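What follows draws every value from the coordinates through simple rules; no lab data is involved. This one's a predicted model, so the numbers in the text were calculated from it and none came from an experiment. Cβ: placed from backbone, ideal geometry, glycine included. Neighbour counts: every protein chain shown.
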Amino acid sequence: MPLPFPPAVGRSGSDPHRGSPAVRDERAAADAAAPVAPRPGWQLRLAASGDDLGLQIVAMLLIAVLLALHYLLWIAEDGVRQTYALRVAIQAQSEENAALNERNRAMEADIQDLKTGMTAIEERARAEMGMIRGDETFYRILEQPVSPPPASPSGAHKSAPAAKPAAKPATRPAAPPSRP
């Protein structure tokens, strides 16, 4: 297809948009005067007053849908607030799970100690049941509260505080009866 305008004289290349200003003005005037044909299947319609009402109804419906969606997003039960509350609950549960996992690891270590070593068994027997070995002597020291001395009427004579009672050895608990 031949170009509507020949290229400008003295210019190199075949770019039709380049050239003198007069040529460009002629091209712009020719483009403006050319009729624009509608595409097949499309119709050009001008907005009439009846169409404005239809557009207003469509716009109102779209705004109503937008408001309903915002209500569902921000205020409804499954909205943003519920999501935030669930995230807080998940964080709290994760912290609780971490603490319980730590406790489980400590219990597993205690179980391993009880299965393999005698020192853990002996320590538990001493702490929880008050047991001692056969070659040990158990002493229990009882402290009595110190009561103030009786006041004398003259106040000139002060008695010395009472001495603490001496510790005495406790008897060993009797062994449970053996079963035949």
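Does a label point 7 Å from the Cα of residue 82, set along Cα-to-beta-carbon, have any residues of segment 54-75 with amide nitrogen under 15 Å, and which are they?
What the label zone holds, given the 15 Å backbone N cut-off, is 69-75.
With θ set to phi - 60°, apply the Karplus curve 6.51 cos²θ - 1.76 cosθ + 1.60 along segment 121-132 and write out the HN-Hα couplings as whole Hz, x wherever there is a Gly or Pro.
Calculated HN-Hα couplings, in order: 5, 5, 4, 5, 5, 5, 6, 8, 10, x, 7, 10 Hz.
Give me the extension gain from residue 144 to residue 110: residue separation times 0.36 nm, minus the current Cα-Cα distance, reported in nm with one decimal.
8.5 nm
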